[in-house]
Amino acid sequence: MPSIKKIQVTFDCADPERVGRFWCEVLGYVPPAVPDGFDTWDAYNRAQPVEKQGAWFASIDPSGEGPRLYFQRVPEGKVAKNRVHIDVRAGAGLVGEERLATLEAECARLMALGAERVQLMLADEENESCIYMRDIEGNEFCLD
């Protein structure tokens, strides 16, 4: 049996396109190609039944290396902490002040996109520094 190498990460959200476009900006991802027969995603959405318009959005890594992100509209709001979260690896390989400066610069960029800074967690004996954040609908992620 072959091993599975590709995954998709799915987000439940109120506004799939808004959240999806936020994550496109965070990660350098792009929306997938517009379905055949349509010039734009707006045209595709308008062709759907009203209840399905804007019901989902996807973001893909243009290099093909990272997982596809899928955003689906759900009626309920977020009520608890995520059991799974994304670590955005902005400071990978960096330590100390260089790492903190890189994380702070990326945090400022993400806050300008609508992210919320929650807490700076400084390095300890086991972990390097990271910044705990929330996306535009409150989904937790770490700037690592």
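The values are calculated or read from the model by the stated rules, or taken from the named source; none is laboratory data. These numbers were taken from a predicted model, which means no experiment stands behind them. Virtual Cβ from ideal backbone geometry, glycine too; neighbours counted across all protein chains shown. Heavy atoms of the whole protein, side chains included, go into the accessibility calculation; ligands, DNA and RNA do not. Shrake-Rupley method; radii C 1.70, N 1.55, O 1.52, S 1.80 Å.
If I filter the range 71-80 for residues that are surrounded by 14 or more Cβ atoms within 10 Å (Cβ to Cβ) and modelled with pLDDT under 95, do I get at least one hit?
Yes: the range 71-80 contains one or more residues that are surrounded by 14 or more Cβ atoms within 10 Å (Cβ to Cβ) and modelled with pLDDT under 95.
Assess whether PRO67 counts as being under 26 Å from LYS5 (Cβ atoms), open to solvent by 30 Å² or more (accessible area, probe 1.4 Å), touching a Ser or Thr at 6+ places or on another chain (Cβ under 7 Å) and not acidic (Asp, Glu). Show your work before the answer.
Values: under 26 Å from LYS5 (Cβ atoms): yes; open to solvent by 30 Å² or more (accessible area, probe 1.4 Å): yes; touching a Ser or Thr at 6+ places or on another chain (Cβ under 7 Å): no; not acidic (Asp, Glu): yes.
No: the conditions fail for PRO67.
Among all residue pairs at least 6 apart or on different chains, which show Cβ distances below 8 Å where the first residue, located in the range 109-124, is farther than 15 Å from ASN139 by Cβ and the second is among the β-branched types (Val, Ile, Thr)?
Here the result reads GLN119/ILE131; LEU120/ILE131; MET121/ILE131; ALA123/VAL95, each pair linking the range 109-124 to a residue that is among the β-branched types (Val, Ile, Thr).
Looking only at the range 83-107, count every residue that is within 18 Å of ASP135 (Cβ to Cβ), hydrophobic (A, V, I, L, M, F, W, C) and open to solvent by 80 Å² or more (accessible area, probe 1.4 Å) and tell me the total.
1
Could you list, in sequence order, all residues of the range 1-31 that are open to solvent by 90 Å² or more (accessible area, probe 1.4 Å) and closer than 17 Å to ALA55 by Cβ? If you could, list the steps in order and put the result at the bottom.
Taking the range 1-31 first, the residues open to solvent by 90 Å² or more (accessible area, probe 1.4 Å) are 1-2, 4-7, 18, 21, 25.
Matches in the range 1-31: ARG18, ARG21.
Return the total of residues in the range 108-139 being loosely packed, with under 13 Cβ neighbours inside 10 Å and either part of a loop (DSSP other than H, G, I, E, B) or on the phi > 0 side of the Ramachandran plot (or both).
5
Rundown of residues vs (1) hydrophobic (A, V, I, L, M, F, W, C); (2) in contact with a Ser or Thr (Cβ under 8 Å, 6 or more places away or on another chain); (3) closer than 16 Å to PHE11 by Cβ; (4) exposed (fewer than 12 other Cβ atoms within 10 Å of the Cβ), yes/no style:
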{"residue": "ALA33", "(1), (2), (3), (4)": "yes, no, no, yes"}
{"residue": "ASP39", "(1), (2), (3), (4)": "no, no, no, yes"}
{"residue": "GLU51", "(1), (2), (3), (4)": "no, no, no, yes"}
{"residue": "TRP56", "(1), (2), (3), (4)": "yes, no, yes, no"}
{"residue": "SER59", "(1), (2), (3), (4)": "no, no, yes, no"}
